[in-house]
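Participant: Below is a structure I'd like to ask you about.
The values are calculated or read from the model by the stated rules, or taken from the named source; none is laboratory data. Because the structure is predicted, anything quoted here is derived from the model rather than measured. Using ideal geometry, Cβ is built from the backbone for each residue, glycine included, and neighbour counts are taken over all protein chains shown.
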Amino acid sequence: MYNEKVIEHYRHPRNVGSIEGADGVGIFVSDFCGDIVKLWINVVDGRITEIKFKTQGCAASIASGSVLTELAKGKTLEEAMAITEKDIVEALGGLPERKIHCSVLADDALRDAIYDYLKRHGLPIPQYLAHKHEEIQEQVRKLDEMGYILI
Ligand code: FES
């Protein structure tokens with residue numbers, strides 16, 4: 001059900017792993033399926049110079065995380081924040097309709113990592129990022145109480 005590009009990113013995902021001492025760390029928990037993406041960024045002069053991700057998710061979430069890291073690397077924080085699930089799906093050459101929701105995990109985790117970067121550096125945080133971060137933390141708290149081991 002997946003095209004060649006999705007399968008290739010799934011089999012050989014780019015930028016998998018974590019960054020020790022990263023400038024920003026973000027997480028996103030899907031309220032649709034409970035899957036998780038965690039993502040690390042380094043930022044130099046307002047640009048994402050390094051990005052890594054891990055996921056507890058399906059093939060589509062792995063491929064989406066992989067292609068998102070390619071899209072985001074080298075972008076300014078503003079440009080990276082503007083990446084949407086549509087951009088991810090397009091970069092993958094399409095996803096089956098019922099797997100579209102899997103593409104949002106990575107870009108929301110990226111926005112959460114940008115939130116973390118801005119907060120650590122005392123920079124202005126857009127309201128929607130702060131609001132989204134609170135929602136994510138609520139999800140994380142619930143999983144934590146259930147004894148879920150987060151990546
Ligand atoms: Fe959960 Fe795809 S089914 S991310």
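Participant: Failed condition for Ile149, given (1) surrounded by 12 or more Cβ atoms within 10 Å (Cβ to Cβ); (2) not in a helix (DSSP H, G or I), with all others met?
Facilitator: (1)
Participant: Please state which one of Ala130, Ala113, Ala106 is more than 16 Å from the ligand (Cβ to nearest atom), within 15 Å of the chain's Cα centre (by Cα) and either part of a loop (DSSP other than H, G, I, E, B) or among the small types (Gly, Ala, Ser) (or both).
Facilitator: Of the residues listed, the single one that is more than 16 Å from the ligand (Cβ to nearest atom), within 15 Å of the chain's Cα centre (by Cα) and either part of a loop (DSSP other than H, G, I, E, B) or among the small types (Gly, Ala, Ser) (or both) is Ala113.
Participant: Is it true that Ile62 is touching a residue at least 40 places away in the same chain (Cβ under 8 Å), touching a strand residue (DSSP E or B) at 6+ places or on another chain (Cβ under 8 Å), of a type outside the set (Phe, Trp, Tyr) and more than 11 Å from Leu110 (Cβ to Cβ)?
Facilitator: yes
Participant: Looking at Lys99, Lys119, which is the one that is buried (at least 16 other Cβ atoms within 10 Å of the Cβ), of a type outside the set (Phe, Trp, Tyr) and assigned to a helix (DSSP H, G or I)?
Facilitator: Lys99
Participant: For the subset of the range 36-51 comprising residues that are touching a Leu at 6+ places or on another chain (Cβ under 7 Å) and more than 19 Å from Leu123 (Cβ to Cβ), which member is surrounded by the fewest Cβ atoms within 10 Å (Cβ to Cβ)?
Facilitator: Ile36
Participant: Which residue is farthest from the ligand (Cβ to nearest atom), if the candidates are limited to the range 1-54 and must be among the β-branched types (Val, Ile, Thr) and more than 23 Å from Glu79 (Cβ to Cβ)?
Facilitator: Top of the filtered list is Ile7.
Participant: Every residue in the range 15-57 that is touching a Lys or Arg at 6+ places or on another chain (Cβ under 9 Å) and not in a strand (DSSP E or B), please.
Facilitator: Those that are touching a Lys or Arg at 6+ places or on another chain (Cβ under 9 Å) and not in a strand (DSSP E or B): Asn15, Gly17, Ser18, Ile19, Ala22, Asp23.
Matching residues to (1) under 23 Å from Ile149 (Cβ atoms); (2) of a type in the set (D, E, K, R); (3) in contact with an Asp or Glu (Cβ under 9 Å, 6 or more places away or on another chain); (4) in contact (Cβ under 8 Å) with a residue 12 or more places away in the chain:
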residue: Gln56; (1), (2), (3), (4): yes, no, yes, yes
residue: Ala82; (1), (2), (3), (4): no, no, no, no
residue: Ile88; (1), (2), (3), (4): no, no, yes, yes
residue: Gly93; (1), (2), (3), (4): no, no, yes, yes
residue: Pro96; (1), (2), (3), (4): no, no, no, yes
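Participant: Tally the residues that are within 16 Å of the ligand (Cβ to nearest atom) and part of a loop (DSSP other than H, G, I, E, B), restricting the search to the range 58-96.
Facilitator: 5
Participant: I want to confirm something. Restricting to the range 14-35 and keeping residues that are modelled with pLDDT of 95 or more and β-branched (Val, Ile, Thr), which single residue is surrounded by the fewest Cβ atoms within 10 Å (Cβ to Cβ)?
Facilitator: If we take residues in the range 14-35 being modelled with pLDDT of 95 or more and β-branched (Val, Ile, Thr), then Val16 is surrounded by the fewest Cβ atoms within 10 Å (Cβ to Cβ).
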